[in-house]
Amino acid sequence: MGKVHIVINNRGYDVACDDGQEGAVGELAKDLAQRVERLAQSVGQIGDARLLLMAALLIADELSAAKGELARLAGGDGEEDKLAQSLEILASRVEAIAARVEAA
């Protein structure tokens, strides 16, 4: 099992991941850290949990918009279901990583 040390809002977390996924998890963590930093600059230091929750909601909003755009582009030709399934898998992976971060 792989392990990645990430820092979000000046707080370190050790996150477990599948072997070979360390780089991908690290990149996701960098994106999340940047989002949380922008939120903290915007709304202030309102606590790690709230900042992470707000970042998660922003990411969920982006995912929802992407699903809608993919559905529109697919035009209901059968590809929509495949695209939706792919997005669901990606969303599940992001949620699993978020749960690991929160548990750390």
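The values are calculated or read from the model by the stated rules, or taken from the named source; none is laboratory data. Remember, predicted model here, so these are calculated numbers, not experimental data. Cβ placement follows ideal geometry from the backbone for every residue including glycine, while neighbour counts extend to all protein chains displayed.
Just to be sure I understand the filter: pairs with C-beta atoms under 8 Å, separated by 6 or more residues or on different chains, first member in segment 92-104 and closer than 18 Å to Asn9 by Cβ and surrounded by fewer than 16 Cβ atoms within 10 Å (Cβ to Cβ), second member of a type in the set (Phe, Trp, Tyr) and at pLDDT 75 or above. Which pairs pass?
Going by the 8 Å Cβ cut-off, the qualifying pairs are Ala104/Tyr13.
Check Ala49, Ala33 and return the single one that is at pLDDT below 95 and either surrounded by 11 or more Cβ atoms within 10 Å (Cβ to Cβ) or under 19 Å from Ala99 (Cβ atoms) (or both).
Checking each option against the conditions leaves just Ala49.
Please work out which one of (1) part of a helix (DSSP H, G or I); (2) touching a strand residue (DSSP E or B) at 6+ places or on another chain (Cβ under 8 Å); (3) not acidic (Asp, Glu) is the condition Arg38 fails and give its number.
(2)
From the list Ile89, Ile59, pick out the single residue that is part of a helix (DSSP H, G or I), among the hydrophobic types (A, V, I, L, M, F, W, C) and either modelled with pLDDT under 85 or exposed (fewer than 14 other Cβ atoms within 10 Å of the Cβ) (or both).
One residue alone meets the criteria, Ile89.
Give segment 1-35 a look and list any residue that's over 14 Å from the mean Cα position of the chain (by Cα), under 17 Å from Met54 (Cβ atoms) and either in a strand (DSSP E or B) or charged (D, E, K, R) (or both), or say none.
Within segment 1-35, Arg11 is the sole residue that qualifies.
Applying the selection to segment 16-48, what residues are in contact (Cβ under 8 Å) with a residue 40 or more places away in the chain and over 30 Å from Lys82 (Cα atoms)?
Selection gives Asp48 alone.
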